[in-house]
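The values are calculated or read from the model by the stated rules, or taken from the named source; none is laboratory data. Not measured: the values here are computed from a predicted model. Glycine also receives a Cβ, built like all others from the backbone with ideal geometry; neighbour counts cover every protein chain displayed. Accessible surface areas use protein heavy atoms only, side chains included; no ligands, DNA or RNA. Shrake-Rupley method; radii C 1.70, N 1.55, O 1.52, S 1.80 Å.
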Amino acid sequence: MTEADLPAVLAIERSTFPLDAWSEGMLRGELADQPRTRHYVVAVAGDEIVGYAGLAAAADQADVQTIAVLAGHQRSGIGSAMLTELLAEAARRGVTAVFLEVRADNPPAQAMYERFGFERIGLRRDYYDDGTDAIMMMRSLNGQGDDRNG
């Protein structure tokens, strides 16, 4: 992802997460740390950006910051492809554990993460701006089972 992608990414962000969308400044801040501690990718169908995802990595841990796919392109493997890339980047950086938070009211996303070997490790009550809880998940990248790709 580059700054040139921000208009399309912001449109996806606002349509996917209307109640707690990241601001342009937040996304620019993430890109400013790329590649030092961040890795952001976009998914393109035809000539249109239809999804984006980001990873934050420090030392031996990483966090999936965000994954979003335009509604008309969801459930087509785009999210899985982007998550596969984020996990590959985490492995390239020597990460041994990847963490994420997922909305408690988003079973499809939870199922995707579980297919990738993420396990529930906790709950953050009222994590999202609308009061929805976040399920905390973690996946070990210790060389065992790293070939899962959903």
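Brief remarks follow.
- For segment 27-43, the criterion of being hydroxyl-bearing (Ser, Thr, Tyr) and more than 13 Å from Ala68 (Cα to Cα) is satisfied by at least one residue.
- Listed by first and then second residue, the pairs linking a residue in segment 102-128 that is surrounded by fewer than 16 Cβ atoms within 10 Å (Cβ to Cβ) to a residue that is in a helix (DSSP H, G or I), with Cβ atoms under 8 Å apart and 6 or more places separating them unless they lie on different chains, are Arg115/Ser80.
- Residue that is nearest to Asn106 (Cα to Cα), among those in segment 32-55 that are open to solvent by less than 20 Å² (accessible area, probe 1.4 Å) and of a type in the set (A, V, I, L, M): Ala53
- Those residues of segment 11-24 which are in a helix (DSSP H, G or I) and surrounded by fewer than 16 Cβ atoms within 10 Å (Cβ to Cβ), in sequence order: Ala11, Arg14, Ser15, Glu24
- Scanning segment 56-95 for residues being in a strand (DSSP E or B) and either surrounded by fewer than 16 Cβ atoms within 10 Å (Cβ to Cβ) or not hydroxyl-bearing (Ser, Thr, Tyr) (or both) gives a total of 11.
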